[in-house]
Amino acid sequence: MFWKKRAVEGQSQQMENSIRPEGATVSSDLAKMEDVRSLPLAASVVGAIPSTEPKTVEPAAAGKGPSSTSQVDQMLAYVYEQTRPIDDGALADYIPELANVPADSFGIAIATANGKVHTIGDADLKFTIQSASKALTYCMALELVGRKEVLSRAGVEPSGDPFNAIEFSPVTRRPFNPMVNAGAIAISGLLRDILGPETAFDLVLDRFSRAAGRQLTLNEDVYRSEAATGHRNRAIGHLLLSVGALNEPVEPALDLYFRQCSILVTATDLARIGATIANLGVNPVTNEHVFDIDAVRDTQSVMFTCGMYDYSGGWAYEVGIPAKSGVGGGILGVVNRQLGIGTYSPRLDSNGNSVRGVASYRMISDSLGLHSFDLTNTGSGFVSSFFTSDSAES
């Protein structure tokens, strides 16, 4: 294995030196590099990478064929081959249409904050975004009405309950956070009120599309399946109404929620959306300002603490980057100021997270030093400039 060993093995610094030569940092310098291809890996590792063919897409050539194989492509190939044999987990059959997807589909994509994309496997296979949409609608709501109004609908605390729990905070009588169904439905209701029931979904779809850099579409079959079977979410909606976290009528708010979850994306789309968020809300390919910078910060914070269902604490501990999963099999990850990551594999664990996706993120985070508290993460260059200035003055 070429990724970093945990400190408990007593080899963290030794492994760090073998992967990343002295003076090379990932977390603080990646945004300044031409792309992540310059990240060094141990020479002995490169020769051991499987021959699986990944591809790198330049900003101007998005959607075209493979270009040169970079070291990041080789790392992705290794991660892909190591995690592809995992066949644990099950499809989300409580939504009938989701039980019909190819169970062994698997793709990984990384998009940098300067527009480069690295993919492998089924990275361009379409699936429904599901709960990964919650991060984006939350970001929209923060931008449109501000933190105070949004907090009046949903808090920011991890719930410790399943994502579809019909339970609110006993203190605030509001959903614990916007990344569980109750909080996301409350946010959808807020967007319905702001944008209007007739136009809300079109505006949500447009914002998602601008973040991805291409026009996204709705999967009508999944939408109808969710709407026909979403009785638990309807119960949540009426409970939200009873505590004042949702306005009447309930059904249009639920309809918006069902529709936003049924938007079709790919792992590459998730990576590009993540890169847009990482790039302070600006799409790195189109240079369009998609999300407000303050909303981006707040959204990443809640993704970090609440984005992975009941595994959010373990995720923060082991992977250490803001992320949001969905029962469609996708995971959207954001490494601030650096890159976005998207994975797709529909077999889910007991928490509702993609089994292969989680395993892939663990390896990618370790190999590139992406954990927020990784020993190679030197932190903000803006802050360090003050110390450099102070030292020079003294």
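The values are calculated or read from the model by the stated rules, or taken from the named source; none is laboratory data. Worth saying up front: this structure is predicted, and the values here are computed from it rather than measured. Cβ coordinates were reconstructed from backbone atoms using ideal geometry, including for glycine residues, and neighbour counts include every protein chain displayed. All accessible areas refer to the heavy atoms of the entire protein, side chains included, with ligands and DNA or RNA removed. Shrake-Rupley method; radii C 1.70, N 1.55, O 1.52, S 1.80 Å.
For every residue, the table says whether it meets (1) in contact with a helix residue (DSSP H, G or I) (Cβ under 9 Å, 6 or more places away or on another chain); (2) free of Cβ contacts under 8 Å to residues at least 60 places away in the same chain; (3) open to solvent by less than 10 Å² (accessible area, probe 1.4 Å).
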| site | (1), (2), (3) |
| --- | --- |
| ILE321 | yes, yes, yes |
| GLY330 | yes, no, yes |
| ASN336 | yes, yes, no |
| GLY340 | yes, no, yes |
| ARG347 | yes, no, no |
| GLY352 | yes, no, yes |
| SER365 | yes, yes, yes |
**Request:** Scan region 114-145 for residues that are in a loop (DSSP other than H, G, I, E, B) and open to solvent by less than 20 Å² (accessible area, probe 1.4 Å) and jot them down.
**Result:** GLY115, LYS116, ALA123, ILE129
**Item:** Qualifying positions in region 228-268 - open to solvent by less than 40 Å² (accessible area, probe 1.4 Å), over 22 Å from ILE331 (Cβ atoms) and aliphatic (A, V, I, L, M)
**Value:** ILE236, LEU240, VAL243, ALA245, LEU246, VAL250, ALA253, LEU254, LEU256
**Prompt:** Counting only residues that are in a helix (DSSP H, G or I) and among the acidic types (Asp, Glu), which one in region 284-301 is least open to solvent (accessible area, probe 1.4 Å)?
**Reply:** ASP298
**Prompt:** Does GLN82 satisfy being more than 21 Å from the chain's Cα centre (by Cα), surrounded by 15 or more Cβ atoms within 10 Å (Cβ to Cβ) and at pLDDT 95 or above?
**Reply:** yes
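Would you tally the residues in region 302-348 being among the hydrophobic types (A, V, I, L, M, F, W, C) and part of a strand (DSSP E or B)?
Within region 302-348, residues that are among the hydrophobic types (A, V, I, L, M, F, W, C) and part of a strand (DSSP E or B) number 8.
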**Message:** When the residues of region 85-100 are narrowed to those that are closer than 15 Å to ASP221 by Cα and among the charged types (D, E, K, R), which ends up most open to solvent (accessible area, probe 1.4 Å)?
**Reply:** ASP93
**Asked** Name the residues in region 354-363 that are open to solvent by less than 10 Å² (accessible area, probe 1.4 Å) and small (Gly, Ala, Ser), would you?
**Response** SER354, GLY357, SER360
**Complete:** Exactly one of ALA278, ALA271 is crowded, with 24+ Cβ neighbours inside 10 Å, closer than 22 Å to ASN177 by Cβ, among the small types (Gly, Ala, Ser) and modelled with pLDDT of 95 or more, and that residue is ALA278
**Message:** Just to be sure I understand, how many residues within region 219-263 are of a type outside the set (Lys, Arg) and touching a strand residue (DSSP E or B) at 6+ places or on another chain (Cβ under 8 Å)?
**Reply:** 5
**Asked** Filter region 159-177 for residues that are out of contact with any Gly (no Cβ under 7 Å at 6 or more places or on another chain) and at pLDDT 75 or above; which is surrounded by the fewest Cβ atoms within 10 Å (Cβ to Cβ)?
**Response** VAL171
**Request:** Restricting attention to region 252-279, report how many residues are within 14 Å of the chain's Cα centre (by Cα), among the polar types (S, T, N, Q) and part of a helix (DSSP H, G or I).
**Result:** 2
